[in-house]
1. At 20 °C and a viscosity of 1.002 mPa s, what translational diffusion coefficient does Stokes-Einstein give for the range 117-303, taking Rh as the Kirkwood radius over Cα pairs? Give it in µm²/s as a whole number.
2. Compute the acute angle (0 to 90°) between the alpha-carbon long axis of helix 6-32 and the principal axis of greatest extent of the alpha-carbon atoms of the chain; round to the nearest 10°.
3. Percent relative contact order of the chain, based on C-alpha pairs within less than 8 angstrom and at least six residues apart?
4. Taking the Cβ of each residue in 37, 165 as the centre, tally the other Cβ atoms inside 10 Å and list the residues starting with the fewest.
5. For the chain, find the longest principal axis of its Cα atoms and tell me its angle to the long axis of helix 117-129, 0 to 90°, nearest 10.
6. Quick check: pseudo-label points 7 Å beyond the Cα along Cα→Cβ at residue 237 and residue 29, how many nm apart are they?
7. Ranked by Cβ crowding within 10 angstrom, fewest neighbours first, how are 102, 159 ordered?
8. Would you be so kind as to identify which of 165, 18, 127 lies farthest towards the positive end of the dipole of the chain, taking Lys and Arg as +1 and Asp and Glu as -1 on Cβ and the Cα centre as origin?
Amino acid sequence: MTASTPQVVSEHADALKAMMGGLVEACQVFRAEPDKIIATVSEKYGLQPQDAKSWYEGVELCPAFVISEPALMRTLEVLKETGVLPPQVQASPNHLIDSRLCHLIHDVTGIKLYDKLELVEYLYRSLRHINKHKGAISFRDVLLYDQHHHGGVKALEECAKLLSINDKSRVLNVGSGLGGPARYLAGQFGCEVTAVELQRSLHVAAQELTGRCESEVSSRVHHIGLDFNLAAFALPKGSFSAIVAWLTFLHFPRPDRLEAFKRCAELLSEGGQVLLEDFVSLAPLSQAEKDQLQESVFCRYDLGFD
Ligand SMILES: C[S@@+](CC[C@H](N)C(=O)[O-])C[C@H]1O[C@@H](n2cnc3c(N)ncnc32)[C@H](O)[C@@H]1O
């Protein structure tokens with residue numbers, strides 16, 4: 001995040017844009033060639049390849065021309081706490097950004113549906129029960145616990161058939177949860193999968209499970225713990241032959257959803273395909289139905305639901 005006075009932005013807007021563009025490109029290279037980057041880091045810093053790989057998977061890079069409201073407000077607090085700004089400064093998020101350089105994204109981190117420790121706790125309790133809570137596992141061992149969509153494995157088989165997924169496919173899974181669908185597609189069909197998950201607790205558990213799987217799976221599934229609209233900036237354009245999402249887009253407020261569709265179009269390679277399983281309203285909804293959707297599944301009708 002770069003902070004400056006409006007005058008500095010006006011004087012140097014082009015230079016600032018060019019700097020951000022350079023950072024975005026550097027990140028795309030970093031994400032596009034994991035094997036090359038891991039090998040270079042391992043050689044240059046004398047690390048074991050496995051350690052370089054762990055480092056690579058732990059790096060979260062996200063230069064983007066967008067910023068979330070909580071991040072912005074937290075920055076304002078920090079600037080006040082550290083005395084850079086006087087404590088009485090009050091500002092609304094829209095007045096803190098310069099729309100020539102970036103725009104505000106809505107706070108989707110408020111999803112409370114899954115970000116309950118109980119979900120991860122339940123997972124590990126179940127795995128303990130079958131003695132798979134540590135050590136090596138197969139992606140098949142955890143299928144009962146890592147699929148959070150309708151139809152379980154059957155839906156994944158159907159997806160693979162519809163999109164002709166095979167060992168040449170490069171799949172992007174938006175809203176990957178505990179990583180079950182990503183591991184299954186990689187393990188069963190030999191494709192590479194990039195799995196993007198917003199919620200930290202789920203992302204961390206997903207990474208942990210994938211890391212313990214057979215190498216055919218652990219080497220092919222790449223986890224990114226970020227809002228998809230942010231992650232998309234760091235992913236190489238035109239590089240995915242398939243984009244898949246199960247019950248994810250319903251959580252996006254309307255402006256973010258439109259943005260996400262644009263990002264998906266950019267990320268697809270020529271002839272690439274998208275499969276989304278999601279809620280759609282077939283008829284106008286009553287207020288009671290809207291309230292129920294909002295409360296029970298965090299479906300963001302408030303900012304556009306059609
Ligand atoms: C119903 S779950 C499905 C998880 C997984 N696809 C599966 O089928 O097991 C939807 C997931 O989308 C994630 N999600 C929602 N909004 C997101 C966003 N903006 N970026 C990335 N992930 C998001 C949620 O955190 C949740 O884990």
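Bear in mind that the values in this text are calculations on the coordinates, not laboratory data. None of the values given here were measured: they were computed from a predicted structure. FYI the Cβ positions are ideal-geometry reconstructions off the backbone, even for glycines, and counts take in every protein chain you see.
1. Calculated translational D: 126 µm²/s.
2. Between the helix axis and the principal axis of the chain, the angle is about 10 degrees.
3. 17 percent
4. With the sparsest Cβ surroundings first, the list reads 37, 165.
5. Long axis of 117-129 versus the principal axis of the chain: about 20 degrees.
6. 1.7 nm
7. Lowest count first: 102, 159.
8. The Cα lying farthest towards the positive end belongs to 127.
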